[in-house]
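Trainee: I'd like to ask some things about the structure below.
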Amino acid sequence: MLNVKNLTFSYNKTPILKDLSFKIEQGENLAIIGESGSGKSTLLKVLYGEYDLNFGNIYWKDNEILGPKHNLVVGYDFMKYVAQEFELMPFISVEENIGKFLSNFFPKEKKERTAELLEVVELTPFAKTKVKTLSGGQKQRVALARALAKQPEIILLDEPFSHIDNFKKQSLRRNVFKYLKEKNITCIVATHDNNDVLGFADRMILLNNNIIEVYDTPEALYKNPKTPLIASFFGEFNVIKGKIIYAHQLQVVDESKLKATVTESYFKGNYYLVEADLDDEKVFFENVSKLENKKIIYLKISK
Ligand code: ADP
Ligand code: MG
């Protein structure tokens with residue numbers, strides 16, 4: 001179990017993380033979300049032991065994770081961290097990078113392990129390719145595989161799919177998160193992309209104003225978003241009479257008290273996101289077809 005108690009941290013005078021407390025069980029997937037600059041990367045680095053805390057403690061099982069003041073070499077064998085800006089060895093091949101920290105005394109196991117991880121990150125055809133010739137997204141996949149090579153108990157991933165194109169992203173996410181669950185590896189993912197969270201995270205933490213604003217399951221937070229910031233993570237939403245209403249919860253009906261004028265329709269694939277004017281406020285809703293600008297419509301809130 002990872003146990004974080006009253007963690008407080010600042011780089012200089014301004015505090016970045018204030019009094020954070022949370023726990024994660026072995027094998028759980030925790031998402032850390034928040035706007036850019038909210039401290040997601042800082043939290044991962046602090047959990048990894050890269051910095052000394054101002055206050056508080058971090059424990060992984062019985063080990064206290066300590067910063068550089070108390071620890072000659074940053075990091076622990078049971079924990080791996082894949083930074084937003086990953087570092088690889090450019091002049092050796094993909095498989096050599098992945099196997100870099102695996103023992104040469106077990107050549108068969110090393111080969112099998114490397115092959116398994118190449119499959120997970122879908123880079124088998126690139127096994128012999130030199131890393132310096134890869135794209136940013138491919139390098140990110142090598143970094144992921146390398147972090148998994150020695151099978152850590154806990155892995156910290158900072159925006160792990162950010163450089164990967166949309167064609168590959170979906171299947172890669174499924175592969176990686178499924179692999180982590182199968183191996184019972186605890187995982188903490190910093191992200192601002194709800195696709196990294198929905199369907200994968202057991203719990204999520206929203207960092208805002210230096211504190212944990214909410215800590216719950218994605219489902220609970222989605223169904224009952226207490227603040228606009230939470231709702232905005234999940235998609236387009238409106239605040240109507242003080243209530244948060246997602247765009248898909250509004251539908252066009254023949255008659256209602258919510259009379260609006262269409263101002264724009266955006267093609268979204270299997271629906272149009274329609275923007276309309278409701279009592280001088282913008283509202284967004286989803287509709288199967290495009291609506292003409294200036295058309296008068298009536299909206300109903302569905303549950
Ligand atoms: P996020 O990952 O959520 O975008 P970061 O953790 O990178 O946020 O940054 C949080 C805050 O800490 C920002 O205001 C950033 O400018 C500041 N910060 C990040 N790294 C450093 C550093 N090495 N020294 C001083 N301030 C930093
Ligand atoms: Mg970051």
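Trainee: Going by Cα centres, the stretch 170-199 and the stretch 209-265 are how many Å apart?
Mentor: 25 Å
Trainee: Using +1 at the C-beta of Lys and Arg and -1 at the C-beta of Asp and Glu, which of LEU207, ALA190, LEU180 has the Cα lying farthest in the positive direction of the dipole of the stretch 98-247?
Mentor: Of the candidates, LEU180 comes out farthest on the positive side.
Trainee: Show the residues, 5+ positions off or on another chain, whose built amide H is closer than 5 Å to the amide H of GLY67.
Mentor: Counting only residues 5 or more places away or on other chains, the set is LEU53.
Trainee: Tell me which of SER256, TYR266, ILE164 sits at the most positive position along the dipole axis of the chain, charges placed on C-beta atoms (Lys, Arg +1; Asp, Glu -1).
Mentor: ILE164
Trainee: Still on this structure: Taking amide H positions as placed in the peptide plane 1.01 Å from N, state which residues far from TYR246 in sequence (5 or more) or on other chains have amide H under 5 Å from it.
Mentor: The list, which skips near neighbours in sequence, is ASN238.
Trainee: Given N residues in the stretch 14-145, what is its alpha carbon radius of gyration divided by 2.2 N^0.38 Å?
Mentor: Normalised Rg, Cα atoms only: 1.24.
Trainee: In percent, how large is the relative contact order of the chain, given Cα pairs closer than 8 Å and 6 or more residues apart?
Mentor: Value for the chain: 17 percent.
Trainee: Which residues' amide hydrogens lie under 5 Å from the amide hydrogen of GLU264, considering only partners 5 or more residues apart or on another chain, with H built in the peptide plane?
Mentor: GLU275
Trainee: If you don't mind, another one. Considering only protein heavy atoms, what per residue accessible area in square angstrom results for the chain with a 1.4 angstrom probe?
Mentor: Roughly 54 Å² per residue, with all protein chains present.
Trainee: Just to compare against my own numbers: the Cα pair-distance distribution for the stretch 236-301, 10 Å bins, whole % per bin, please.
Mentor: Values per bin, smallest distances first: 24, 62, 14, 0.
Trainee: Could you give the Stokes-Einstein D for the stretch 231-271 in µm² per second, using the C-alpha Kirkwood radius, 25 °C, 0.890 mPa s?
Mentor: The estimated diffusion coefficient comes to 202 µm²/s.
Trainee: Also, quick follow-up: What does the helix-only formula give at 222 nm for the chain: each DSSP H stretch with n ≥ 4 adding -39500 (n - 2.57), the total divided by the residues, and the result rounded to the nearest 500 deg cm²/dmol?
Mentor: -7000 deg cm²/dmol
Trainee: Which lysines have a Cα less than 18 Å from the Cα of LYS168, not counting those fewer than 8 places away in the same chain?
Mentor: Those lysines meeting the cut-off are LYS139, LYS178.
Trainee: Let me spell out the model: positive unit charges on the Cβ of Lys and Arg, negative unit charges on the Cβ of Asp and Glu, origin at the Cα centre of the stretch 2-223. What dipole size does that give, in debye rounded to 20?
Mentor: The calculation lands at about 560 debye.
Trainee: Rounded to the nearest 5, what is the percent of antiparallel bridges among the DSSP beta bridges in the chain?
Mentor: Just about 70 percent of them are antiparallel.
Trainee: Which listed residue (PRO68, VAL120, PRO107) has the Cα farthest towards the positive end of the charge dipole for the stretch 27-136, taking +1 on Lys and Arg C-beta and -1 on Asp and Glu C-beta about the Cα centre?
Mentor: Highest projection toward the positive end goes to PRO107.
Trainee: Within the chain, which whole H helices from DSSP have a Cα span along their axis of at least 30 Å and a mean Kyte-Doolittle hydropathy of 0.5 or more, if any?
Mentor: Answer set is empty.
Trainee: I'd like the projected area of the chain, averaged over all directions, using the convex hull of its alpha carbons. Report it in nm² with one decimal.
Mentor: So the mean shadow area of the Cα hull is 19.1 nm².
Trainee: Keeping the other protein chains in place, figure out the carbon and sulfur percent of the accessible area of the chain, with a 1.4 Å probe.
Mentor: 50 percent
Trainee: Here is a further query. Highest GNM mean-square fluctuation, the chain, Cα pairs closer than 10 Å: which of PHE101, PHE177, PHE267?
Mentor: For the chain, modelled as a Gaussian network with Cα springs under 10 Å, the answer is PHE267.
Trainee: Sticking with this structure for a sec: Using a cut-off of 16 Å between alpha-carbon atoms, which aspartates and glutamates can reach LYS13, once sequence neighbours fewer than 8 places away in the same chain are excluded?
Mentor: Hits, sequence-local ones excluded: ASP52.
The values are calculated or read from the model by the stated rules, or taken from the named source; none is laboratory data. Bear in mind that the values here come from a model prediction, so they are computed numbers and not experimental data. A quick note on method: Cβ atoms are made from the backbone with ideal geometry, for glycine too, and the neighbour counts reach across all protein chains shown. These accessible areas exclude ligands, DNA and RNA; they are computed on the full protein's heavy atoms, side chains included. Shrake-Rupley method; radii C 1.70, N 1.55, O 1.52, S 1.80 Å.
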